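What follows is a single structure, written as structure tokens, with notes after it.
The values are calculated or read from the model by the stated rules, or taken from the named source; none is laboratory data. Predicted model only: the values in this text are computed from it and were never measured. We place every Cβ from the backbone using ideal geometry, glycine too, and count neighbours over all the protein chains shown.
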Amino acid sequence: MKARTLVFALVLVGTFLVVSTASATTYFRFCADWLTNYTDNGYGEDYFYETGDNLRSAQFTHAKIYRKSGAYWVQAWEGTLDSDSCTGYISVTASTDYRLYRYTWLETADSKEVYVMADDVEWEPTPVSEYWGYSTGAYLFNGYFTHDFSSLSMALTKETKIGAVMTRLLGNGSTLGYLSNHITYISTDNAAPTQVCTGTMGMPDIDTDEHAVCIVGEHVNKKFVIAHEMGHKIAGMNDGPRRGDDGGDHGVFGDTDSDERCNCDHISTDEGHCLNSREHFGKGNAEGFAHFISASTFNNRSQSTNNGGFAYYKRVRRPSGDNTVPNYFSPPYQVDLTDNETWMESECSVSSGDSRGTEWDWLQFYWNTYTDGADWITIDKIMDVWDQIPRYKAYYCCAGTSCTQWWTDPVGCIPPAVTVCRGKPWSDIWARVLVDSNLTQGQKNQFDDMADAAGVRY
């Protein structure tokens, strides 16, 4: 990708004059990247690690070229930008103005789509015009040329920051599990007309018709947060690890664990979950999986040069033996993806069959399952494991009985009073993996070995 000055929120518009001889055949393509600046660059990741303002590929972004014809603008080209962040070539006419519109609407050839919405904008990309003047003069053109928007000085916006992450993610969509024929709407405003964004960060609402993800406030400056929220969306597409319906809130058992290394009091007393908090199986698993998708977006699974890095966006509790004040590391916190922390086993009280885990341990379990050795497991197969386990996050039993059945609905209870149980222990999950999954025996061993090494077999 060539170095270019870009960009702009929902649409980029450029205008220039072309003068040529009647005999010359002149073709131009028009190019514009995403302009980005994140606060979580340079934490061991392989991609997007450079700090400061950086130009990123705008591949897959919808764009249009218009040509001035008398008093009107006539569309001359429509499509998506290529891997060089450029339109296709068009034949240009002498002494004619041209205009490029670029939207924050991304679409791949196999119909993976993302719409990034600005404040108070309905679920469609709305053009916003902005002009740029090209110096006039007599030029002779005969051939193919590229026009970069190198003299633009456009505002850095939250839409451009999100757009660049979406280009990166969609470019690896098949690897990361983003399915064809799926649309994601990303809102950057918690007062948007659809009112799907309800918090300072917002979470994906993957069960509604809007297929909405919300990235608001300061979190648009954090690429790992943006990709994390998309991790939840990807899990929803594939019926993979998801947060809902395991019968409990985020946090430590839902009780008041006296060991603050296993809760989030170092952030605030009402913080729902964090990297080191002991959580119900479904919750910790789902959050760890979203961290994993985020880490996979910006790291090469072969990891020939380092262990891979993930920048966590909340305070992280210091381990036992570290009495430094304050008792936490400030964000962004660099997480080593390969070397298992085994935080729950090391810092928390836990027994076999507790059906508990920490986001930290689940993140490293998934990364090592995905990257380690000849029996590494692709992301789609990882999600297929959970798809083979009916509603592993929640199951029901009749009131007054023990939770021993894999029921997806409380059928058969007389009277129809049910209890929602809080998740299966690892031994039950593993039994289903052995029977139902499409993994090879080597991959089944990998799944179990990595779980044991990461400390999530509970």
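Give the range 294-345 a look and list any residue that's more than 18 Å from LYS222 (Cα to Cα), among the small types (Gly, Ala, Ser) and touching a residue at least 40 places away in the same chain (Cβ under 8 Å), or say none.
SER302, SER320
Which pairs do you get when a residue that is of a type in the set (Ser, Thr, Tyr), found in the range 263-290, comes within reach of a residue that is surrounded by 24 or more Cβ atoms within 10 Å (Cβ to Cβ) and part of a strand (DSSP E or B), reach meaning Cβ atoms under 7 angstrom, with the pair 6+ apart or on two chains?
Pairs that qualify, where the first residue is of a type in the set (Ser, Thr, Tyr) and the partner is surrounded by 24 or more Cβ atoms within 10 Å (Cβ to Cβ) and part of a strand (DSSP E or B), are SER277/THR358.
Any residue that is farther than 22 Å from GLN59 by Cα and either at pLDDT 50 or above or in a loop (DSSP other than H, G, I, E, B) (or both) - is there at least one of those in the range 157-172?
Among the residues of the range 157-172, not one is farther than 22 Å from GLN59 by Cα and either at pLDDT 50 or above or in a loop (DSSP other than H, G, I, E, B) (or both), which makes the answer no.
Pick from the range 55-65 the residues that are part of a loop (DSSP other than H, G, I, E, B) and not hydrophobic (A, V, I, L, M, F, W, C): which of them is farthest from TYR115 (Cα to Cα)?
SER57
Please go through the range 66-112 and pick out each residue that is within 28 Å of the chain's Cα centre (by Cα), assigned to a loop (DSSP other than H, G, I, E, B) and surrounded by 15 or more Cβ atoms within 10 Å (Cβ to Cβ).
LEU81, ASP82, ASP84, SER85, THR87, THR108
Within the range 262-315, can you find the residues that are more than 28 Å from GLY373 (Cβ to Cβ) and of a type in the set (A, V, I, L, M)?
Selection gives ILE267 alone.
Only one of GLY236, GLY244 is surrounded by fewer than 24 Cβ atoms within 10 Å (Cβ to Cβ), under 25 Å from GLY357 (Cα atoms), modelled with pLDDT under 50 and not hydrophobic (A, V, I, L, M, F, W, C); which?
GLY244
How many of the residues in the range 173-202 are crowded, with 16+ Cβ neighbours inside 10 Å, at pLDDT 50 or above and either at negative phi or in the same structural domain as GLY272 (by TED's automatic domain parsing) (or both)?
14
Consider VAL116 against the criteria (1) surrounded by 23 or more Cβ atoms within 10 Å (Cβ to Cβ); (2) closer than 21 Å to THR146 by Cβ: it satisfies all of them except one. Which criterion is unmet?
(2)
In the range 330-338, is there at least one residue being of a type outside the set (Lys, Arg) and closer than 22 Å to ALA235 by Cβ?
Yes, because at least one residue in the range 330-338 is of a type outside the set (Lys, Arg) and closer than 22 Å to ALA235 by Cβ.
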